[in-house]
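Trainee: After the structure tokens below, expect a handful of questions from me.
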Amino acid sequence: MIIETEEAPALESLPAFPLPTAVLFPGIVIPLHIDEPPDCALLADALSGNRLLIVAMMQPGTETDTLPPLCTIAGAGQIIHAEKLEAGDYNVLIQGLDRVRLLEELPQDLPYRRFKIEVIPRPDAEATEAARDEIVLFESTVMRLAGLVAQTDAQLAEVMRSTADPIQLTDFLCATLVSDLTIQQELLATVAFKERLQKLNELLADMLGRTGPADHSVLN
């Protein structure tokens, strides 16, 4: 989570990677290859500072626009590894921290885009209690799925069995079991935890209903 203390006040803006094929969930690490000059400039500046940035999905059909409009809910993350290659491009690992809402694009006085943001709080105890029935169904479904994938992906099955936090596990499964990026973005943008869990439960039930689910990445 993006920490807000007297020493590290709440962030008001962050640079953004506009990407057509990436969704960043809290707690998830994604690899990216960065080679466009504006993105390399963003990365260099981030590495010299707090290493924080936004991974924002472009709105569908706008990928060729000069400044494509971005989905308003995005993932804020931190660069945890960066390798600069001989050609000046980068291989990086970015760990998701929070959902953020893009409020306003700031004047483009840098080679890359920056946005005024609002950090979306993690679901609190009240929100978790409101989703109690959905959590019970979710936990039961996860145990059944873990049994199905254990022979093909023991590591995934162990994570599914051992992650006690339903909020963390929900985001993990949204990122790992849902292959359709449009649906991933929809789940990221579903801010209400109960509603997000309802949607994921429906997807997991669909997966369980399929015959011979040998591939655990077929949700679409």
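Trainee: Can you tell me the FRET efficiency between E139 and D180 if r is taken as the Cβ-Cβ distance and R0 is 22 Å, rounded to the nearest 0.05?
Mentor: Efficiency computed from Cβ-Cβ geometry: 0.35.
Trainee: Another question, if that's okay. With a ≥ b ≥ c taken as the square roots of the eigenvalues of the C-alpha gyration tensor of the stretch 13-120, please select rounded if a/c is under 1.5 and otherwise prolate if a/b is larger than b/c or oblate if it is not?
Mentor: Rounded, since a/c falls under 1.5.
Trainee: Using the alpha carbon gyration tensor of the chain, what are the three equivalent-ellipsoid semi-axes (square root of 5 times each eigenvalue), largest first, in whole Å?
Mentor: Here the semi-axes work out to 32, 20, 16 Å.
Trainee: Further question: In what sequence, highest mean first, do 105-115, 57-67 appear when ranked by Cβ atoms within 10 angstrom?
Mentor: Answer by packing, highest mean first, reads 105-115, 57-67.
Trainee: Once the cut-off is 15 Å, how many percent of the Cα-Cα pairs in the stretch 100-183 end up in the long-distance tail?
Mentor: When every Cα pair of the stretch 100-183 is considered, 70 percent fall beyond 15 Å.
Trainee: Got a sec? Charge dipole of the stretch 67-141, +1 on Cβ for Lys and Arg, -1 for Asp and Glu; which of Q78, A131, P121 is way out at the positive end?
Mentor: Toward the positive end, the furthest listed residue is Q78.
Trainee: If you don't mind, another one. Under a Cβ-only charge scheme (Lys and Arg +1, Asp and Glu -1), can you give me the dipole magnitude of the chain about the Cα centre, in debye to the nearest 20?
Mentor: Computed charge dipole of the chain: roughly 420 debye.
Trainee: Summing +1 for each Lys or Arg and -1 for each Asp or Glu, what net charge is found among the other residues whose Cβ lies under 14 Å from the Cβ of D39?
Mentor: -1
Trainee: Still on this structure, I have one more. Just from its helices, what would the mean residue ellipticity at 222 nm be for the chain, if runs of 4 or more DSSP H residues each count -39500 (n - 2.57) and the sum is divided by every residue, rounded to the nearest 500 deg cm²/dmol?
Mentor: It comes out at -11500 deg cm²/dmol, rounded to the nearest 500.
Trainee: Under a crude label model (7 Å from the Cα following the beta-carbon direction), how far is E63 from R51 in nanometres?
Mentor: 3.0 nm
FYI, it's all coordinate maths here, none of it is from the lab. The model shown is predicted, which means the values in this text are computed figures rather than measured ones. As a convention, Cβ positions derive from the backbone with ideal geometry for all residues, glycine included, and neighbour counts pool all protein chains shown.
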